[in-house]
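Accompanying notes for the structure given below.
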Amino acid sequence: MRVSRETADKNRKRVVRTASEQFRTHGFDGIGISGLMKAAGLTQGGFYKQFENKEALALEATALALDENFAMWSDAVKGAEDPVAALKSWYLSEQHLSAVAQGCTYATLAPEAARDRPALQNVFGQAVARQIDDLSEVLGANDAPRDAAIQVMAQMIGALILARSVSDNDLQRDILAAATRSTIPLE
């Protein structure tokens, strides 16, 4: 049975959204096409009508997730008197720690981009540059806003990765709290 173009577009968006969450949860190699389609509530047969291969889906799903990251980071600092404190308060929270599927794509998938995936590195490169530029603009009152933006990003992402890597809840909280308290010189 043929589906309408509108239904096909809706299904494609559902697969991309589902894949963005499943990849953040399981990694690119931790879930196959069958599992992705099942999670999206669709059959595997429709996959190749929509996507050339799993890598094409991974690139599209990652770009979507990174766009969502950008929006979340922007929302966290919007109108904040202290944008770094506001960003850390949101990003280094226990809620974000446990929200792997909807959380930071940098913390979940960036390490995989380094594993001989040049197209994925390109997607991450564009997103990181955009995030740095935006955060630099927010921090623009100092002499080195770009350096400060990179430091804030690296510290927060690293702390989230480290906190997620341990099973001890107290240690997770200690890692997040220490990163929240640390300051980046904005001079």
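In the stretch 107-130, the residues that are under 21 Å from LEU97 (Cβ atoms) form Cβ pairs under 7 Å with partners that are open to solvent by 60 Å² or more (accessible area, probe 1.4 Å), at six or more places apart or across chains, as follows: ALA107/ILE161. Just one residue in the set ALA148, ALA159 is under 15 Å from the mean Cα position of the chain (by Cα), among the small types (Gly, Ala, Ser) and over 28 Å from ALA56 (Cα atoms); that residue is ALA159. The condition of being within 20 Å of ALA110 (Cα to Cα), at pLDDT 95 or above and small (Gly, Ala, Ser) holds for only one of ALA149, ALA177, ALA159, that being ALA159.
A residue that is in contact with a helix residue (DSSP H, G or I) (Cβ under 7 Å, 6 or more places away or on another chain), in a helix (DSSP H, G or I) and modelled with pLDDT under 95 cannot be found anywhere in the stretch 19-27. Here's a check for you: in the stretch 38-93, which residue that is free of Cβ contacts under 8 Å to residues at least 24 places away in the same chain and among the hydroxyl-bearing types (Ser, Thr, Tyr) is least open to solvent (accessible area, probe 1.4 Å)? Among those residues, the one meeting the criterion is THR43.
The values are calculated or read from the model by the stated rules, or taken from the named source; none is laboratory data. Computed from a predicted structure; not experimentally measured. Note that we place each Cβ from the backbone using ideal geometry, even for glycine, and neighbour counts take in every protein chain shown. Side chains are part of the model used for accessible areas, which takes the heavy atoms of the whole protein and leaves out ligands, DNA and RNA. Shrake-Rupley method; radii C 1.70, N 1.55, O 1.52, S 1.80 Å.
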